[in-house]
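Scroll down for the structure; my scribbles are underneath it.
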Amino acid sequence: MVPTALFKDILASFEQRPLRPLQETEVYNLLQKQIPESYGELTIQEKAELIAFSFLEPSKNKVQELGFYFIPLSITKNEAGTIVESPSVSMVTRDTITYWSTRLEQTDHPVLAARYAGLIYDMSLYVTGSKPQFSIAKKYVESLLDLIDQKLYKISTQTICKVGRALEVSLNLSNPDLIERCKAGILKLEEEIAIPDKPGLWGFPYDLLIGGKKKLVSKMEETAIVKKLEDRFDNMLMVNTWCAERAAKRLMNYYFGNKQPQEIKRILSGLETSYDNTTNGLAIFHQSHSAEQLYQFSKQFQLNEEADFYLKKLRMFSKGADKDLKSTSAEISIPKDKIDKYINQILEGDNSETIFVRIIESCTPRVEEAKEELERLSKVAPFQFILSRDLLDKKGRRVARIPPISDDFFSHLILHLSNSIRIGTIFLHFIFEEAITRGILTIHELMKFIDKSCIIEKDRLPIFQKGFEAYFAGDYIVAIHLLIPQFEEAIRNLVEMNGGSVIIQKEDAFNLKTFDHLLKDEIITDIFGEDKSLYFKTLFTDKRGWNIRNHVAHGMLDVAHFLNKQNIDRIMHAILCLGMVRLKESQIEF
């Protein structure tokens, strides 16, 4: 089967030396652009090429419910309520498999080879009734490892999944040589991408080689991997509790398996010190959360005395937390000196960029904290969480139904985040007002900050300037209408620049994906992290949250809400987040 002429030039460009990093969705978008308008029906080969790069790989290495590793780009329901997958495995035929086999033999680019071989390996049995040849599986693993060795990947977290997939296939083949090469690739990848305060980029050698069903390392290799985790734990204890906790979970699991309770106690003691340092001076319920986490760890790893100790501590904190909640249920009373101290810590220094970063981080809600608070509240006051409830708009129409928390934890999480954002905006308001007074938050500094962002196009800057001018002039109606669409366009640019798809086929036309659809793209979470990703969804598009973008776009926001500075302050905070997205070594980082 001869490769398609329509895509010949673009496919050839991928093979040019030196090979450049590629992402599969980027290949799909580039192929789409080669199709002329009114081209007519695609050939079998052209369809096969497009299908190959429109499938997605899961964020975690696992076979899906239908028995396939690769998943569709989109899953929707039609008017009849039938699930529609695009692309669907049913679109893959014997001719498709044959074409992918031909392309596999032709290409020298490991990213392309891994995709062709991976699809053949995953779908041959379903399509042809025969298992794939050993050579296909071997080529699949080798290509995945080659793209890592040659640094041809773009998004590090996705590459962790690829090396995990390579190991999984090698184990299925029971091939010692491939398994050894996978081990080396896993260790090398961590060396290349690990960043101390980004726990998603380290620790996976333990998960893949030690923490699984089968230990795959020698004693010396095992000791080295555990030593790295110990070092990360020690280095992060007083710096970043979340990172320390991520290392601690693996270490406690390791020592539990090796029947070393004293080592688990040592890790717990270190965590307690870290928690105390982090929650010092905060409300009691933060300390309560820490005690609960220590209790859960003690219980999980069968340290009964420690579990009893932390349970008593948790009960003591819970009583105090209840009192705090009662005293602030009607009003929030915070001493002015504490507010001033808090603001001064954020606004200190003369580097506006550093100050903007502090504002971003201090006023972004933390998802893990919200989950912990929600779980605690559901135990303290369970009644409001065991019944379904409706969210109504101003005219009494139901916009969302919230099931019991046992059925839909995520909906309750969005509601809780929404309320947390509303409360946090009080502090954001104080910070912004003082920053304006001190000459830190100005149109000039804002423009200088966002001008450095790689996802804001230069021709959009005048629109941002008009929006900022309206904000400082108190014309919030104008500011909101100008800035929200620019935020959406920047998110669209971010997805597209990282090889993601911003269009979706509907009947015979291609439409831009909705803002909500864009915010659900894994690229957004990879770049901004889970906290900001869910924050953006709650603020802009989730009907269980603020949903401010849709309320504005559809004329549903009352004039009073336009004049409410809460809304525009939050939009300004989100705009600041855009300013932190910069290009670094051909990758986009936050």
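Using a cutoff of 8 angstrom between alpha carbon atoms and counting only pairs six or more residues apart, the relative contact order for the chain works out to 9 percent.
Using helices alone, what [θ] at 222 nm do you get for the chain, with -39,500 (n - 2.57) per DSSP H run of 4 or more residues, divided over all residues and rounded to the nearest 500?
Helix contribution divided over all residues of the chain: -20500 deg cm²/dmol.
Working value for segment 93-167: equivalent-ellipsoid semi-axes of 22, 13, 10 Å, each the square root of 5 times a Cα gyration tensor eigenvalue, largest first.
Counting only Cα atoms, the size of segment 336-589 along its three principal axes is 61, 50, 40 Å, in decreasing order.
Database remark: amide H of residue 74 closer than 5 angstrom to the amide H of 86 (H placed geometrically; neighbours at sequence offset of 5 or more, or on other chains; Pro and chain starts carry no H). When each of 458, 565, 139 is scored by the number of other beta-carbon atoms lying within 10 Å, the sequence from fewest to most is 458, 565, 139. When you count the other C-beta atoms within 10 angstrom of each residue and take the mean per peptide, 47-56, 347-356 line up highest first as 47-56, 347-356. A P(r) calculated from all alpha carbon pairs of segment 116-219, with 10 Å bins opening at zero, reads 15, 45, 31, 9, 1 percent.
Shape class for segment 1-193: prolate, because the ratio a/c of the largest to smallest gyration tensor axis (alpha-carbon atoms, square roots of eigenvalues) is 1.5 or more and a/b beats b/c. The stretch between residue 369 and residue 14, if pulled fully straight at 0.36 nm per residue, gains 123.4 nm over its current Cα-Cα span. Across segment 168-258, Cα-Cα pairs more than 20 Å apart make up 36 percent of the total. Taking one quarter of the surface of the convex hull spanned by the alpha-carbon atoms of segment 448-508 gives a direction-averaged projected area of 5.5 nm².
Enumerate the lysines that residue 537 could reach by cross-link, defined here as Cα to Cα under 18 Å, with residues fewer than 8 away along the same chain left out. Partners found: 371, 513, 520. Karplus-based coupling profile of segment 262-272, in residue order and whole Hz: 5, 5, 5, 4, 4, 5, 4, 5, x, 4, 4, with θ = phi - 60° in 6.51 cos²θ - 1.76 cosθ + 1.60 and x standing for Gly or Pro. Taking amide H positions as modeled 1.01 Å from N, with prolines and chain starts lacking one, the residues under 5 Å from residue 400 and 5 or more places away or on another chain are 391. Annotation: Cα Rg of the chain relative to the compact-globule expectation 2.2 N^0.38 Å equals 1.05.
Read the figures in this text as sums done on the coordinates, not as results from a lab. As the structure is a computational prediction, the values presented were derived from the model and not from experiment. We place every Cβ from the backbone using ideal geometry, glycine too, and count neighbours over all the protein chains shown.
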